[in-house]
Ligand code: SF4
Ligand code: SF4
């Protein structure tokens, strides 16, 4: 059996239980997997989980990663005990790191002091400035949460805790890349940003149940349903060829990444880390990307529920992808099981021909299988819903990625690319200054200057 030296396991100590009710959160419906449960990880399971996780790692470092639902609902003592168990079971010389993904609303001074003391990396879920964040991230009474999130973030900043931001992209924010990026960078002080597309698949049964019409759209049919929370729907599964109208479109996703990239590349290389850009550079440079979505195979990012049930992936916490329970079967056996290996290899094996011959496959790898539900131009199923966006983005950054990869090969800093941009921007400004209204625009768009950069305000 091929045992990986390390793997990533997201543990959900409260299962799907959360103090908020974000309307796009597919995970809320996972409560239906465990009817009658209190959704709290028991103490003996906590110790067993940490012991098994440490034993299963042959690498000198192990990451204990908490997620939800909202893990902070467990209370601080739970996490104090988890640190004590990690200290008890770690091998001499082994380094244990901690991460937690939280909506931030329950954090206070005491939480922040604890995170600082144990060097937790805290992921804060925030979707941009107030209106964009509050569009879907609401509490159980439907009230906005923006102020509470910023308050929680304030405690982390006061205590000097390491944090990053996780921003989902959806109908309310995906057309505003620069605004979102600058808000996260300047108002939230986020130097590590992660963007995740919201793609809510639904099928005809869902649509009939909701009693709403659907609209044909490309690349996937979009439901115009005023979807409410997933909590009251049957168990959410990765099925269906429609998406909700909250979902980001492929083109929006590509344009968003390009918009953030154009801002970042001129002033923030080496200062602000945007996960997607790091991943892309690794792929251009021929190194492991560190992100399953843009790796050839996956299967080393699993999820564990509050009762020890393990699933193939956080996005596939559904009966078909149940691997077993760590109280009955050792964790390492579940991680290395044939079912899990198959799950990971399927990511490559199921690629449609369109992807196999794609010029940016080395960077894309077909994206996540959960999003492969549209058909290719020649009618083969299994193309990623985001394909159009991926192409927009990967082509947009191709030249720069080559430059940065070359700089790395020469032992130089990728940040030197900013000098290239400064020189190019200066040349463009000089060309714009002397262009006549009816001349072709110096930017190369093919339009007349007066209809392009010569328009006032550009
Ligand atoms: S299914 Fe998607 S999210 Fe899950 S491990 Fe594979 S690539 Fe990653
Ligand atoms: S860009 Fe599109 S065609 Fe190319 S690998 Fe990605 S999903 Fe496949």
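The values are calculated or read from the model by the stated rules, or taken from the named source; none is laboratory data. Values in this document were obtained by computation on a predicted structure and should not be read as measured data. Don't worry about glycine lacking a Cβ; one is built from the backbone with ideal geometry, like all the others, and counts go over all protein chains shown.
Screening residue 354 against (1) over 23 Å from residue 48 (Cα atoms); (2) touching a helix residue (DSSP H, G or I) at 6+ places or on another chain (Cβ under 7 Å); (3) outside any loop (DSSP other than H, G, I, E, B) leaves a single unmet condition, (2).
Restricting 72, 11 to residues that are touching a residue at least 60 places away in the same chain (Cβ under 8 Å) and buried (at least 21 other Cβ atoms within 10 Å of the Cβ) narrows the list to 11.
Scan region 75-99 for residues that are touching a helix residue (DSSP H, G or I) at 6+ places or on another chain (Cβ under 9 Å) and either under 23 Å from residue 313 (Cα atoms) or crowded, with 22+ Cβ neighbours inside 10 Å (or both) and the total you get is 4. Any idea which residue in region 310-343 is modelled with the lowest pLDDT, counting only those that are over 17 Å from residue 51 (Cβ atoms) and buried (at least 21 other Cβ atoms within 10 Å of the Cβ)? Filtering region 310-343 for residues that are over 17 Å from residue 51 (Cβ atoms) and buried (at least 21 other Cβ atoms within 10 Å of the Cβ), the one modelled with the lowest pLDDT comes out as 317. Of the residues making up region 284-306, none is touching a residue at least 40 places away in the same chain (Cβ under 8 Å), loosely packed, with under 15 Cβ neighbours inside 10 Å, under 28 Å from residue 177 (Cα atoms) and within 16 Å of ligand 2 (Cβ to nearest atom).
Just one of 102, 145 is under 19 Å from residue 69 (Cβ atoms), under 17 Å from the mean Cα position of the chain (by Cα), modelled with pLDDT of 95 or more and surrounded by 18 or more Cβ atoms within 10 Å (Cβ to Cβ); which is it? Full working, then the answer.
Values: 145 fails: under 17 Å from the mean Cα position of the chain (by Cα).
Criteria check complete, one pass: 102.
Taken over region 359-377, the criterion of being in contact with a strand residue (DSSP E or B) (Cβ under 6 Å, 6 or more places away or on another chain) and away from ligand 2 (no atom under 11 Å from the Cβ) is satisfied by 375 alone.
Return the only residue of 51, 80, 58, 38 being without any contact (Cβ under 8 Å) to a residue 40 or more places away in the chain and assigned to a loop (DSSP other than H, G, I, E, B). Don't jump to the end; show me each part of the working.
Values: 51 fails: assigned to a loop (DSSP other than H, G, I, E, B); 80 fails: assigned to a loop (DSSP other than H, G, I, E, B); 58 fails: without any contact (Cβ under 8 Å) to a residue 40 or more places away in the chain.
Residue meeting the stated conditions: 38.
Restricting attention to region 154-177, the residues that are surrounded by fewer than 24 Cβ atoms within 10 Å (Cβ to Cβ) and outside any strand (DSSP E or B) add up to 13.
Have a look at 398, 425 and point out the one that is away from ligand 1 (no atom under 15 Å from the Cβ), out of contact with any strand residue (DSSP E or B) (no Cβ under 7 Å at 6 or more places or on another chain), closer than 19 Å to residue 286 by Cβ and assigned to a helix (DSSP H, G or I). Of 398, 425, the one residue that is away from ligand 1 (no atom under 15 Å from the Cβ), out of contact with any strand residue (DSSP E or B) (no Cβ under 7 Å at 6 or more places or on another chain), closer than 19 Å to residue 286 by Cβ and assigned to a helix (DSSP H, G or I) is 398.
Just checking, which of 355, 368, 364 is more than 13 Å from ligand 1 (Cβ to nearest atom) and buried (at least 21 other Cβ atoms within 10 Å of the Cβ)?
The conditions single out 355.
With the condition kept exactly as written, say whether any residue in region 318-331 is in a helix (DSSP H, G or I), within 25 Å of residue 25 (Cα to Cα), away from ligand 2 (no atom under 16 Å from the Cβ) and in contact with a helix residue (DSSP H, G or I) (Cβ under 9 Å, 6 or more places away or on another chain). Checked region 318-331: at least one residue is in a helix (DSSP H, G or I), within 25 Å of residue 25 (Cα to Cα), away from ligand 2 (no atom under 16 Å from the Cβ) and in contact with a helix residue (DSSP H, G or I) (Cβ under 9 Å, 6 or more places away or on another chain). Which members of region 83-113 meet the condition of being touching a strand residue (DSSP E or B) at 6+ places or on another chain (Cβ under 6 Å) and touching a residue at least 40 places away in the same chain (Cβ under 8 Å)? If the condition is that a residue be touching a strand residue (DSSP E or B) at 6+ places or on another chain (Cβ under 6 Å) and touching a residue at least 40 places away in the same chain (Cβ under 8 Å), then 96, 101, 103, 104 are the ones that fit.
I want to confirm something. Restricting to region 292-309 and keeping residues that are within 13 Å of ligand 1 (Cβ to nearest atom) and either in contact with a strand residue (DSSP E or B) (Cβ under 9 Å, 6 or more places away or on another chain) or part of a helix (DSSP H, G or I) (or both), which single residue is farthest from residue 34 (Cα to Cα)? Walk me through how you get there before you give the answer.
Quick first cut of region 292-309, residues within 13 Å of ligand 1 (Cβ to nearest atom) only: 292-303.
Then drop every residue that is not either in contact with a strand residue (DSSP E or B) (Cβ under 9 Å, 6 or more places away or on another chain) or part of a helix (DSSP H, G or I) (or both), which leaves 292-294, 300-303.
Numbers: 292: 28, 293: 28, 294: 32, 300: 25, 301: 22, 302: 19, 303: 15 Å.
In this case the residue turns out to be 294.
Annotation note: Cβ proximity below 7 Å between a residue of region 373-386 that is closer than 13 Å to residue 243 by Cβ and a residue that is within 16 Å of ligand 1 (Cβ to nearest atom) and part of a loop (DSSP other than H, G, I, E, B) (sequence gap 6+ or interchain) occurs for 373/385; 374/385; 384/366; 384/367; 385/199; 386/367.
Got at least one residue in region 378-391 being more than 12 Å from ligand 2 (Cβ to nearest atom) and surrounded by fewer than 17 Cβ atoms within 10 Å (Cβ to Cβ)? The answer is yes; a qualifying residue exists.
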